[in-house]
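*Asks:* To start, I am sharing the structure in question, which I have written as structure tokens.
The values are calculated or read from the model by the stated rules, or taken from the named source; none is laboratory data. The shown structure was predicted, so the numbers you read here are calculated from the model rather than taken from an experiment. Heads up, the Cβs are rebuilt from the backbone with ideal geometry, glycines too, and the neighbour counts pull from every protein chain shown.
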Amino acid sequence: MNIILFGPPGAGKGTQADNISKKFNLHKVSTGELLRDEIHKNTELGVKIKSIVDRGSLVSDDIINNLIIKVFAEKNFSNRIIFDGYPRNISQAKSLDLLVKRNKQKISCVLSLDVKKETIIKRILGRQVCTKCGLIFNKYFKPSTKDSHSCDEKYLSKRSDDYEKIIVNRFETYLNITFPILEFYKNQNLLHIINGDAEISMIYREIEAIIASLET
Ligand code: AMP
């Protein structure tokens with residue numbers, strides 16, 4: 001099964017994708033993380049990507065499609081992917097459809113986290129990522145503790161695009177360009193809407209039940 005986790009920036013897609021991938025033995029593919037890896041390498045491409053990401057705009061479809069083609073070339077990932085933050089526009093959704101069919105796979109469901117703008121701003125402003133192990137925390141909702149995180153506090157950092165002015169731009173990009181894809185998946189009967197304002201553990205339970213029902 002391949003799953004798409006859909007929702008605005010700050011909806012908690014990364015956190016939920018981490019939990020789901022562990023439970024159902026899926027590979028998380030976050031295009032945002034793949035882009036940040038490229039940025040950290042400080043290549044010419046990485047510098048170009050950083051300037052786009054830091055504005056809160058979308059990176060070109062060519063760059064994204066190249067990343068996704070590599071993902072499909074990974075035989076271990078076959079029919080075991082959870083996409084986080086991809087596709088982000090209708091052209092990416094159609095490319096994904098083609099790739100899935102060409103590789104004789106399918107999209108099993110699209111889980112859309114529906115979240116209020118105020119919740120999003122608070123979630124993003126509190127977000128902390130461990131630069132050592134990659135775990136995601138939140139100062140307000142899910143703080144790093146001795147039990148949940150073994151790395152030193154000094155590794156907790158904010159993402160360079162997690163500042164209020166950029167968040168507003170990212171949210172507008174989501175509403176105008178990404179949100180319309182939902183119609184595409186609704187027409188294919190793949191869409192499940194989830195209340196993303198609920199507590200992290202409740203959202204997870206709802207998602208878990210939907211995926212478990214797909215497996216039977
Ligand atoms: P994310 O980690 O999913 O919030 O993504 C962070 C940033 O990476 C976004 O604001 C975009 O600038 C860029 N990005 C991530 N995924 C995509 C995508 N599928 N298409 C275009 N840009 C993307």
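*Asks:* Do you know which residues across the range 52-64 are at pLDDT below 95 and either within 19 Å of Lys104 (Cβ to Cβ) or among the small types (Gly, Ala, Ser) (or both)?
*Replies:* Those that are at pLDDT below 95 and either within 19 Å of Lys104 (Cβ to Cβ) or among the small types (Gly, Ala, Ser) (or both): Gly56, Ser57.
*Asks:* Moving on to the next point. Can you name the number of the only condition in (1) closer than 24 Å to Glu172 by Cα; (2) touching a helix residue (DSSP H, G or I) at 6+ places or on another chain (Cβ under 7 Å); (3) among the aliphatic types (A, V, I, L, M); (4) surrounded by 15 or more Cβ atoms within 10 Å (Cβ to Cβ) that Ile107 fails?
*Replies:* Only one criterion in (1) closer than 24 Å to Glu172 by Cα; (2) touching a helix residue (DSSP H, G or I) at 6+ places or on another chain (Cβ under 7 Å); (3) among the aliphatic types (A, V, I, L, M); (4) surrounded by 15 or more Cβ atoms within 10 Å (Cβ to Cβ) is unmet by Ile107, namely (1).
*Asks:* Across the range 176-199, what is the number of residues that are part of a helix (DSSP H, G or I) and free of Cβ contacts under 8 Å to residues at least 40 places away in the same chain?
*Replies:* Filtering the range 176-199 for residues part of a helix (DSSP H, G or I) gives 176-178, 181-186.
Those left that are additionally free of Cβ contacts under 8 Å to residues at least 40 places away in the same chain: 176, 183, 186.
Qualifying residue count for the region: 3.
*Asks:* Kindly indicate whether Asp97 is out of contact with any His (no Cβ under 6 Å at 6 or more places or on another chain) and at pLDDT 95 or above. Steps first, please.
*Replies:* Details: out of contact with any His (no Cβ under 6 Å at 6 or more places or on another chain): yes; at pLDDT 95 or above: yes.
Yes: the conditions hold for Asp97.
*Asks:* Here is a follow-up. Has the range 37-48 got any residue that is over 17 Å from the mean Cα position of the chain (by Cα), more than 8 Å from the ligand (Cβ to nearest atom), under 24 Å from Ser157 (Cβ atoms) and among the polar types (S, T, N, Q)?
*Replies:* Yes, the range 37-48 contains at least one residue that is over 17 Å from the mean Cα position of the chain (by Cα), more than 8 Å from the ligand (Cβ to nearest atom), under 24 Å from Ser157 (Cβ atoms) and among the polar types (S, T, N, Q).
*Asks:* Is it the case, given these coordinates, that Asn2 is away from the ligand (no atom under 13 Å from the Cβ), more than 22 Å from Lys122 (Cβ to Cβ) and crowded, with 19+ Cβ neighbours inside 10 Å? Steps first, please.
*Replies:* Working: away from the ligand (no atom under 13 Å from the Cβ): yes; more than 22 Å from Lys122 (Cβ to Cβ): yes; crowded, with 19+ Cβ neighbours inside 10 Å: yes.
It is true that Asn2 is away from the ligand (no atom under 13 Å from the Cβ), more than 22 Å from Lys122 (Cβ to Cβ) and crowded, with 19+ Cβ neighbours inside 10 Å.
*Asks:* Among the numbered conditions (1) more than 16 Å from the ligand (Cβ to nearest atom); (2) over 28 Å from Asp37 (Cα atoms), tell me where Asp147 comes up short.
*Replies:* If we test Asp147 against (1) more than 16 Å from the ligand (Cβ to nearest atom); (2) over 28 Å from Asp37 (Cα atoms), just (2) comes out false.
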